[in-house]
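The values are calculated or read from the model by the stated rules, or taken from the named source; none is laboratory data. Since this is a predicted model, take the numbers as computed values, not measurements. Reconstructed Cβ throughout: ideal geometry from the backbone, glycine too, with neighbour counts over all protein chains shown.
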């Protein structure tokens with residue numbers, strides 16, 4: 001675990017669940033965190049899928065393996081600043097992604113994602129796996 005401290009975005013976890021070896025190799029070299037927001041997105045996807053029980057089991061395994069970060073007051077203040085900055089720049093991004101970025105910044109974690117819109121957030125360190 002001498003590698004990066006990383007918060008995984010939903011699309012990275014989806015790639016992991018689909019067997020993406022590159023993502024698995026990066027995760028093996030990292031100290032991994034999840035956001036409660038991401039867990040919610042995963043649960044939504046599982047409930048909307050045709051393999052609900054299998055997907056829920058995968059999510060439960062994931063949250064038993066890695067630390068899950070909850071949203072608190074500090075996260076909320078960071079969220080407010082990020083959202084206001086994005087609005088002033090005219091570059092809105094999805095609400096959940098603002099919360100995810102807020103958690104990464106709060107806990108001084110790099111965010112592993114494949115979504116380019118996270119680049120609009122000042123102070124967020126991104127890993128493109």
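Values computed for the structure shown
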quantity	calculated
Residue in the stretch 73-96 that is within 13 Å of residue 10 (Cα to Cα) and in contact with a helix residue (DSSP H, G or I) (Cβ under 7 Å, 6 or more places away or on another chain) present	yes
Odd one out for residue 39 among (1) touching a helix residue (DSSP H, G or I) at 6+ places or on another chain (Cβ under 8 Å); (2) under 15 Å from residue 12 (Cβ atoms); (3) free of Cβ contacts under 8 Å to residues at least 24 places away in the same chain	(3)
Scan of the stretch 113-124 for residues that are in a loop (DSSP other than H, G, I, E, B) and within 15 Å of residue 78 (Cα to Cα), ordered by number	121, 122, 123, 124
Meets criteria (more than 14 Å from the chain's Cα centre (by Cα) and within 25 Å of residue 94 (Cα to Cα)) for residue 48	yes
Of all residues in the stretch 98-129 being without any contact (Cβ under 8 Å) to a residue 24 or more places away in the chain and either buried (at least 17 other Cβ atoms within 10 Å of the Cβ) or touching a helix residue (DSSP H, G or I) at 6+ places or on another chain (Cβ under 9 Å) (or both), the one that is farthest from residue 9 (Cα to Cα)	123
Conditions (1) within 20 Å of residue 129 (Cα to Cα); (2) modelled with pLDDT of 95 or more: number failed by residue 28	(2)
Residue satisfying all of: in the stretch 11-31; in contact (Cβ under 8 Å) with a residue 24 or more places away in the chain, in contact with a helix residue (DSSP H, G or I) (Cβ under 9 Å, 6 or more places away or on another chain) and more than 14 Å from residue 126 (Cα to Cα); surrounded by the most Cβ atoms within 10 Å (Cβ to Cβ) among these	13
Test: residue in the stretch 60-82 that is exposed (fewer than 15 other Cβ atoms within 10 Å of the Cβ), more than 17 Å from the chain's Cα centre (by Cα) and more than 23 Å from residue 98 (Cα to Cα)	no
